[in-house]
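Heads up: the structure comes next, in structure tokens.
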Amino acid sequence: MLLLLRSIFFTFLLPGTVTVLIPYWIILSSDAGSSSDHPGLRYFGLPPIAVGAAGLLWCIWEFFSEGRGTLAPVDPPRHLVVRGLYRYVRNPMYVAVVMILIGESIFFMSTRVLVEAVVFFISAYLFVVFYEEPILRMQFGESYERYLHQVGRWIPRTRSRG
């Protein structure tokens, strides 16, 4: 029960801040979304928001149920998670957050939220390369090395038909 509560807390704290609170502040502090020549286009932002949110929640559930941890670096999974979306990309939570932000930038017609998406992706890339991957190498050893070679960091790899 405590693990579930920690997972919920970190979900609101981390992706909640990036995908809800910061865009809210951006939209509130600008005139974004106030006018458009084509207001119906904003609804093209809903599918990426929905897909990103579903993917994010799925990954958080996998961390909880399979990994026995949370998405927070201070309370990480104890077991390497390679199921669900992690079979296709090593960082589906970051991909999901970027999808949500891109969808929000379309929905609110906000270039500032799009800039947030770019800044988030660059930050996530640097965090993954310089912190997360070295830590996972030390923690999970050979199983993580195999995973690195089988699954792409951001984009699914095509599997050769040997």
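Could you please let me know if F44 is part of a helix (DSSP H, G or I), within 17 Å of the chain's Cα centre (by Cα) and closer than 27 Å to S105 by Cβ?
Working: part of a helix (DSSP H, G or I): yes; within 17 Å of the chain's Cα centre (by Cα): no; closer than 27 Å to S105 by Cβ: yes.
No, not satisfied.
Is at least one residue of region 106-117 aliphatic (A, V, I, L, M), in contact with an Asp or Glu (Cβ under 8 Å, 6 or more places away or on another chain) and in contact (Cβ under 8 Å) with a residue 40 or more places away in the chain?
Looking for residues that are aliphatic (A, V, I, L, M), in contact with an Asp or Glu (Cβ under 8 Å, 6 or more places away or on another chain) and in contact (Cβ under 8 Å) with a residue 40 or more places away in the chain, one finds at least one in region 106-117, hence yes.
Please state which of the following conditions F120 fails to meet, knowing it meets all the rest: (1) within 30 Å of P39 (Cα to Cα); (2) without any contact (Cβ under 8 Å) to a residue 60 or more places away in the chain.
Going through the list (1) within 30 Å of P39 (Cα to Cα); (2) without any contact (Cβ under 8 Å) to a residue 60 or more places away in the chain, F120 breaks only (2).
For region 62-89, how many residues are under 18 Å from F120 (Cα atoms) and either modelled with pLDDT of 95 or more or assigned to a strand (DSSP E or B) (or both)? Break it down into steps so the answer makes sense when it comes.
First pass over region 62-89, keeping only residues under 18 Å from F120 (Cα atoms): 71-73, 89.
Then keep just the ones that are either modelled with pLDDT of 95 or more or assigned to a strand (DSSP E or B) (or both); that gives 89.
Total satisfying the criteria: 1.
Would you pick out the residues in region 97-141 that are among the basic types (K, R) and closer than 27 Å to L80 by Cα?
Of the residues in region 97-141, the ones among the basic types (K, R) are 112, 137.
Once the filter is applied, which keeps residues that are among the basic types (K, R) and closer than 27 Å to L80 by Cα, region 97-141 yields only R137.
Which of the residues belonging to region 147-162 are at pLDDT 95 or above and charged (D, E, K, R)?
R153 - this is the single residue of region 147-162 that is at pLDDT 95 or above and charged (D, E, K, R).
The values are calculated or read from the model by the stated rules, or taken from the named source; none is laboratory data. What you are looking at is a predicted structure, and each value in this text was computed from that prediction instead of being measured. For neighbour counting, all protein chains shown are included, and Cβ atoms are generated from backbone atoms with ideal geometry for every residue, glycine included.
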